[in-house]
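Only one structure is covered here, and it is reproduced in the block below.
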Amino acid sequence: MLQVRWVASLALAVAFGSIAGCGPNYGGRQEVKGTIKLKGTPLDQGQIVFMPISGDGTTKEGAPIANGEYKIDRAHGLMPGQYRVVITSGDGRTRADAPDEPPGPTGANIISKDRIPPDYNTNSKQEVEVTEKKPNVFNFDIP
């Protein structure tokens with residue numbers, strides 16, 4: 001009877017061990033997601049980029065913003081560490097190189113004036129810490 005229990009325990013341990021090892025290996029990368037509001041309203045479109053400040057093997061990664069939300073899945077995620085956050089969103093109307101001139105023939109601009117203030121953009125002071133121990137949800141409410 002003791003031998004049957006030992007064999008059953010061994011079989012159970014092997015089964016659990018093989019299940020634990022079957023998942024994808026993301027090399028420590030973490031999923032990152034959140035919401036972004038501009039003046040209290042979800043940001044309709046834009047881009048968010050996480051620039052490494054510290055940490056071993058940190059990665060630079062970005063994601064599109066749509067309807068006030070962004071997500072970087074774990075397969076493309078960030079390594080644990082400190083990151084500076086840069087958010088951009090062109091207004092689609094005002095030319096960045098010549099703001100007093102009208103849009104091009106299509107009425108759209110490829111490079112347009114950014115709606116995001118410098119403290120969240122070119123001179124970003126926004127920093128986050130990505131960890132393995134908690135959900136990495138970073139929300140931004142841009143004034």
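Coordinate-derived values only; no laboratory data. Worth saying up front: this structure is predicted, and the values here are computed from it rather than measured. Positions of Cβ are generated from backbone atoms using ideal geometry, with glycine treated the same way; all protein chains shown enter the neighbour counts.
Table for the structure above
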| read-out | value |
| --- | --- |
| Residue pairs, from the table 39/60; 33/133; 71/113, whose Cα atoms sit over 19 Å apart | 39/60; 71/113 |
| Distance between modelled label sites at residue 33 and residue 125, nm, 7 Å Cα→Cβ extension | 3.1 |
| For segment 46-87, diffusion coefficient by Stokes-Einstein and Kirkwood Rh (Cα), 4 °C, 1.567 mPa s, µm²/s | 122 |
| Residue-span extension gain [residue 41 to residue 113] - 0.36 nm each, minus C-alpha spacing | 24.0 nm |
| Pairwise FRET efficiency - residue 69 versus residue 91, Cβ, R0 = 30 Å, nearest 0.05 | 0.90 |
| Rounded FRET efficiency, nearest 0.05, which uses the C-beta distance separating residue 25 from residue 82 and R0 of 22 Å | 0.35 |
| Highest-first arrangement of 29-40, 64-75, where packing means the average Cβ count within 10 Å | 29-40, 64-75 |
